[in-house]
Amino acid sequence: MIAAYLHTLRESINRRMALVLIGMGVLMAVILILVFRVVALPNGQTVIMLGRQMLGPAELAVPAAMVQEVQITGGLWLFLAIFASTPLLVSMMEKGWVELTLTKGVARWQVLMGAYFGGLTLYAATLAVATIPPAIWLWFKTGVGFQSLVVAILIQVFAFAALMALAALACMTRTGAAIPIMLAILVDILSPVLAFRERGLFQVITSDFWRGLINWIYRILPKDVEIVGAAQNYIMNHKLGPWWPFWSTGVFIAAALGLTMWLLHRKSL
């Protein structure tokens, strides 16, 4: 599995995906550092400025700034990472590579998990590059720590792990990267729609049958929007909130990966 994991990381660099994400992460970090200013008032209080707008004292403004980072990376960065990481899973099933790898005495599940964790590492590393340097800069200027942001990043990686598990399952069709990418994006788009169905879908859907079906779809699919919301809540309040989104998404990840391993084991080369 280690060999497959390292191969996945090397391939991400060779395909320039990792370099592009890291470059964009560095650019985002620089922009965030330039946007925020730390100003010491005559009364000794330290405040954060966004241009000429005062965001408030550092104790409140720094966590709020980190929440803004999580909101940006929980949306835009998630989409970019899906496009960058899913081809790493698809390449595992490409003709030539699959015959070479899966016939060399390496357990198929190890090859799968190596590629899977390689994609997660790419996402986590580039996410850290984009968000940690501004947090360190604010900590150096204000003394307000960024430990909660590190926990929030790990929470976001857990949300991304669900989309990667779904993409890995879709890769078993061996139809290229388009279907896994579109499926992962579709589920991510549906996540807020399903989470807030009471205020949205159910205002126009009154049938008990369709409401029940939508409720079951919500229970089965990953709860990415709620998990990203929990990451933001942890930064502000150091609390995760309800555990339902976490354990139900964890069950989805385990089931998707388990089914993928079973299909990969039975697949003839």
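Pairing each residue of region 247-259 that is at positive phi with any residue that is assigned to a helix (DSSP H, G or I) and surrounded by 13 or more Cβ atoms within 10 Å (Cβ to Cβ), provided the two are 6+ apart or on different chains, yields no C-beta distance under 9 Å.
Residues in region 232-269 that are in a loop (DSSP other than H, G, I, E, B) and either more than 23 Å from L154 (Cβ to Cβ) or over 22 Å from the mean Cα position of the chain (by Cα) (or both): K267, S268, L269. Which one is surrounded by the fewest Cβ atoms within 10 Å (Cβ to Cβ) among residues in region 127-179 that are of a type in the set (F, W, Y) and under 23 Å from V20 (Cα atoms)? That would be F158. Among residues of region 193-226 being surrounded by fewer than 17 Cβ atoms within 10 Å (Cβ to Cβ) and among the charged types (D, E, K, R), the one that is farthest from M164 (Cα to Cα) is D208. Scanning region 95-117 turns up no residue that is touching a Pro at 6+ places or on another chain (Cβ under 7 Å), modelled with pLDDT under 80, among the aliphatic types (A, V, I, L, M) and part of a helix (DSSP H, G or I).
Taken together, the residues in region 136-162 that are over 28 Å from Y116 (Cβ atoms), of a type in the set (A, V, I, L, M) and either touching a Pro at 6+ places or on another chain (Cβ under 7 Å) or in a helix (DSSP H, G or I) (or both) amount to 2.
Summed over region 163-209, residues that are farther than 17 Å from A256 by Cβ, under 24 Å from the mean Cα position of the chain (by Cα), assigned to a helix (DSSP H, G or I) and not hydrophobic (A, V, I, L, M, F, W, C) total 1. Residues in region 227-262 that are farther than 23 Å from L149 by Cα and either among the β-branched types (V, I, T) or surrounded by 14 or more Cβ atoms within 10 Å (Cβ to Cβ) (or both): S248, V251, F252, I253, A256, L257, L259, T260, M261.
The values are calculated or read from the model by the stated rules, or taken from the named source; none is laboratory data. On a predicted model such as this, the values are computed, not experimentally measured, just so you know. All Cβ positions, glycine included, derive from the backbone under ideal geometry; neighbour counts span all protein chains shown.
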